[in-house]
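The values are calculated or read from the model by the stated rules, or taken from the named source; none is laboratory data. Values in this document were obtained by computation on a predicted structure and should not be read as measured data. Every residue, glycine as well, gets a Cβ built from its backbone with ideal geometry; the counts of neighbours run over all protein chains shown.
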Number of protein chains: 2
Amino acid sequence: MKFSKRMNHLHGSDIRAILKMTEQPGMISFAGGMPAPELFPIEEIKAASVQVLTDHGKQSLQYTTTEGFLPLREQIAQRMLAKFSVSYSPQDILITSGSQQGIELSGKLFLDDEDVVLCESPSFLGAFQAFRVYNPRFIEVPTDDQGMIMEELTRILETTDRVKLIYVIPDFQNPTGRSWSIARRKALMEIAGRYDIVVVEDNPYGELTYEGEMLPSLASFDRKGQVVFLGSFSKVLCPGFRIGWVCASPQLMEKYVVAKQAADTHTSTFCQRIVHTYMERFDLDENIEKMKDVYRNRRDLMLEIIEREFPKEVSFKKPRGGLFIWVELPTTVNAREILKKSLEKGVAFVPGGSFYPNGGHENALRLNFSNMLDEKIREGIPRLAAVIREFL
Amino acid sequence: MKFSKRMNHLHGSDIRAILKMTEQPGMISFAGGMPAPELFPIEEIKAASVQVLTDHGKQSLQYTTTEGFLPLREQIAQRMLAKFSVSYSPQDILITSGSQQGIELSGKLFLDDEDVVLCESPSFLGAFQAFRVYNPRFIEVPTDDQGMIMEELTRILETTDRVKLIYVIPDFQNPTGRSWSIARRKALMEIAGRYDIVVVEDNPYGELTYEGEMLPSLASFDRKGQVVFLGSFSKVLCPGFRIGWVCASPQLMEKYVVAKQAADTHTSTFCQRIVHTYMERFDLDENIEKMKDVYRNRRDLMLEIIEREFPKEVSFKKPRGGLFIWVELPTTVNAREILKKSLEKGVAFVPGGSFYPNGGHENALRLNFSNMLDEKIREGIPRLAAVIREFL
């Protein structure tokens, strides 16, 4: 029994291994990217579930089309316009099993062995995992507070063969919390258009904007049907349904549907219908506002304690949205070593090195602020600060 | 924008295209492999959903582990022993998004370009689709009423390089409805052991046995950890949750978990918990008994009308379980032509050629008997008989 070659470069996620350790009772975890479960609209979801089963029991438990439940795709099309400033028809939308599946399908559609994926440096480790199945080379594009640095991107495109896709998280990026400026968004689409390269825009956090307005999506600047937009209900409603979506132009969508069909036939009919009924009957935006209030406060509390407790050698920025604070340490320090000690003290986080597909950069850490109650933040951040101080 | 090479050999499923046509009002469809929705235990599922949200709302809507909800895996382990005569620990079980995902993950784990998959001739077209992503060659092993013919299998193994997996549906096969004899099951495992090849046992229909006892699974004869068993709740409870499972030995399971994590993180927490609570609180076996009574009657009714109405040139067997009757026509007749006419008369089925990965064999048709009420069977089969008669 011999595995395929691709299995040689596929390994479990660091985060998932850490998350398993966080199941120990009493652990304070700033590790995962989980939403706060106390904000899930459980009663409303219960009402929606009962209504779906009462009104459409047979249909909601039966097979459905690969593309997904049409009325849900209509709602998503409306939200894409209202929130992400881009017009799609329901036929341009495919329901996926979380946006992780959207990433995996993108790898399947575009990547042959040794093709090149460009991503922000650093970027989301779940995307590396999904793409690695198809054995690409990753080239990390240097970034600053405005997003990818366009001169660097252009230089790489001019000197690199076989660039097949550009993967970016333009809003409240995982792990850095940064958002791209509008100018950079426009510039990226102009460059991608010139080089005729697919841009996968992963956007699970855009609606969690704590100050000011949401910025227009990359997709809104797409004139050639090059952007594949990945959306998700995991961060704005709940992750337990595993409902995400792909928006793409018709010639790409046709292939996504074929690949999705082969992968798992379709996503849970029941979960799709619950999300649809929930949005029809209740106000998702009102729920998002509640989440934003809580997360904004947690972010501010965490930043305040970091400011007070962390040694002066660390640097960090205030993210305007999303779930994460990114902390950089002096280059002499290895965050994986800090993690070992920190876990002994009952505090978990994800070491920054995990977010660089080609390794290195071990002197950073990603802190999640959405999932822990205030008291846990008040207790955990000073404990972590004490561990960090030992390493300086 | 250029697709990966693999997308050249990936096409939508015939069945799905036909299923779309069957959405026309009034269509009598013997095409899909759908269970009868009037048998879904909707009230019990409603009670289970409410209970899950009342007792474990936060957990049921949150992320979970890639492996799946442990208490559900414990229940599956018990059922594997009770029904399929094989002992697995819950750690040997991974929850998948339907058993289609189990097939896809198997392709991912084992198949490099041009590797060989052995399958029954004919076999399940959804499996071809899933495997084709990884560009294998299919070799069809001749079968008779007892299963694969072992002399043919041995001959192929002796003369073929790069055979990486054997894909079989030993119980009430899709599309033929045939079941393997115990002697053949034992023989297959003996041969697979000698050649050290993975056997993917796809078993969605085994529990739908209408006469006599269930036969022991291939997995029950596995002494070397070579069988990957794929199970599903789609045919015995409902397909709308997309809950299936993979059973495999620890060294294989580790890789399945990594591949599943990259594919979609995990399967719906909520659906997993509903299935668990449903089985804890209600009697799944009782529900299966009800399904069996209805499906047995529909099978008998369909066979009776086929016997009476179909021309004498066709041949068919009575399946002892499952969802399908396989009808063979004289080789001069093309079932795809019959389908065109038949759809005009408002009756759908799947042409047999779809079930041969290397083409040919266009003189058969697969009829599903589980999804249509008696009156539809009484109306549809004579109409189909009339169309067939035109072609003889």
Take segment B:97-119 and flag every residue that is buried (at least 24 other Cβ atoms within 10 Å of the Cβ) and part of a strand (DSSP E or B).
B:Ser97, B:Val117, B:Leu118, B:Cys119
Would you confirm whether any residue within segment A:128-144 is in contact with a Pro (Cβ under 7 Å, 6 or more places away or on another chain), within 24 Å of A:Val327 (Cα to Cα), surrounded by fewer than 24 Cβ atoms within 10 Å (Cβ to Cβ) and of a type outside the set (D, E, K, R)?
yes
Residue check: is A:Ser354 without any contact (Cβ under 8 Å) to a residue 60 or more places away in the chain and in contact with an Asp or Glu (Cβ under 8 Å, 6 or more places away or on another chain)?
no
Matching entry among A:Ser354, A:Ser370 (being closer than 29 Å to A:Leu118 by Cβ, modelled with pLDDT under 95 and buried (at least 16 other Cβ atoms within 10 Å of the Cβ))
A:Ser354
Quick one: is B:Pro311 part of a loop (DSSP other than H, G, I, E, B), crowded, with 16+ Cβ neighbours inside 10 Å and not assigned by TED's automatic domain parsing to the domain that holds B:Ala183?
no
From the list A:Gly57, A:Gly12, exactly one residue is small (Gly, Ala, Ser), at the interface with chain B (Cβ under 10 Å from one of its Cβ atoms), out of contact with any His (no Cβ under 7 Å at 6 or more places or on another chain) and part of a loop (DSSP other than H, G, I, E, B). Which is it?
A:Gly12
Only one of these is farther than 30 Å from A:Arg299 by Cβ, β-branched (Val, Ile, Thr) and either touching a Ser or Thr at 6+ places or on another chain (Cβ under 8 Å) or within 14 Å of chain B (Cβ to nearest Cβ) (or both): A:Ile191, A:Ile166. Name it.
A:Ile191
Would you mind telling me which numbered condition in (1) surrounded by fewer than 24 Cβ atoms within 10 Å (Cβ to Cβ); (2) in contact with a Ser or Thr (Cβ under 8 Å, 6 or more places away or on another chain) B:Lys260 fails?
(1)
Mind checking whether some residue in segment B:67-84 is out of contact with any Cys (no Cβ under 7 Å at 6 or more places or on another chain), within 11 Å of chain A (Cβ to nearest Cβ) and part of a loop (DSSP other than H, G, I, E, B)?
yes
From the residues in segment B:198-234 that are within 14 Å of chain A (Cβ to nearest Cβ) and acidic (Asp, Glu), which one is nearest to B:Gly322 (Cα to Cα)?
B:Asp202
Give the residues of segment A:25-44 that are more than 30 Å from A:Pro382 (Cα to Cα) and facing chain B (nearest Cβ under 7 Å), sorted by residue number.
A:Ile42
Suppose the filter is surrounded by 17 or more Cβ atoms within 10 Å (Cβ to Cβ) and either closer than 28 Å to A:Ser4 by Cα or in contact with an Asp or Glu (Cβ under 9 Å, 6 or more places away or on another chain) (or both); does B:Ile76 pass it?
no
In segment B:289-318, how many are within 21 Å of B:Arg178 (Cβ to Cβ), touching a residue at least 40 places away in the same chain (Cβ under 8 Å) and touching a Lys or Arg at 6+ places or on another chain (Cβ under 7 Å)?
0
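For (1) hydrophobic (A, V, I, L, M, F, W, C); (2) free of Cβ contacts under 8 Å to residues at least 12 places away in the same chain; (3) in the same structural domain as A:Trp245 (by TED's automatic domain parsing), each residue gets a yes or a no:
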position: A:Lys46; (1), (2), (3): no, yes, yes
position: A:Val52; (1), (2), (3): yes, no, yes
position: A:Gly57; (1), (2), (3): no, yes, yes
position: A:Gln62; (1), (2), (3): no, no, yes
position: A:Glu67; (1), (2), (3): no, no, yes
position: A:Leu70; (1), (2), (3): yes, no, yes
position: A:Arg73; (1), (2), (3): no, no, yes
Within segment B:314-332, restricting attention to residues that are β-branched (Val, Ile, Thr) and surrounded by fewer than 18 Cβ atoms within 10 Å (Cβ to Cβ), which residue is farthest from B:Gly147 (Cα to Cα)?
B:Thr332
Which condition from (1) without any contact (Cβ under 8 Å) to a residue 24 or more places away in the chain; (2) farther than 28 Å from A:Ser13 by Cα is the one that A:Asp144 breaks?
(2)
Scan segment B:247-272 for residues that are in a helix (DSSP H, G or I) and of a type in the set (A, V, I, L, M) and jot them down.
B:Leu252, B:Met253, B:Val257, B:Val258, B:Ala259, B:Ala262, B:Ala263
Hey, can you tell me all the residues within segment B:179-202 that are part of a loop (DSSP other than H, G, I, E, B) and surrounded by 23 or more Cβ atoms within 10 Å (Cβ to Cβ)?
B:Ser179, B:Trp180
Here is a list of conditions, (1) facing chain B (nearest Cβ under 10 Å); (2) surrounded by 24 or more Cβ atoms within 10 Å (Cβ to Cβ); (3) of a type in the set (Gly, Ala, Ser), and A:Ala47 meets all of them except one; can you say which number that is?
(2)
For B:Ala335, state whether it is surrounded by 20 or more Cβ atoms within 10 Å (Cβ to Cβ) and free of Cβ contacts under 8 Å to residues at least 40 places away in the same chain.
yes
